[in-house]
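The values are calculated or read from the model by the stated rules, or taken from the named source; none is laboratory data. Just so we're clear, the structure is a prediction, and the values are computed from it rather than from any experiment. Using ideal geometry, Cβ is built from the backbone for each residue, glycine included, and neighbour counts are taken over all protein chains shown.
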Amino acid sequence: MLMSERVQISRDTLNRLEKGDPVVSLGTYMRVLRVLGLDEDLDLIAKDDLLGRKLQDLGLEPSQRRSRRPKQGQT
């Protein structure tokens, strides 16, 4: 009850939020995170992930391409 009062939502909406109901708006989640003091953690989602990018780039290196033409003497 205290959380719903601080976030200024109904207890029913808070119950739906806790259950992960997709009807709950992103703004409501943001208000809950603000009340919990976690709203600044969302900035980390947009932060450039250098290690992740390097790992991704390693998996994207071009592999050696095979020629579609048969080699001389082959058909």
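A few remarks follow.
- Out of GLY59, GLY37, one residue alone is modelled with pLDDT of 70 or more and within 27 Å of GLU5 (Cβ to Cβ). It is GLY37.
- Filter pass, ARG68 being assigned to a loop (DSSP other than H, G, I, E, B) and either loosely packed, with under 12 Cβ neighbours inside 10 Å or at pLDDT below 90 (or both): yes
- The set of residues in the range 1-45 that are loosely packed, with under 14 Cβ neighbours inside 10 Å, part of a helix (DSSP H, G or I) and of a type in the set (Val, Ile, Thr) contains only ILE45.
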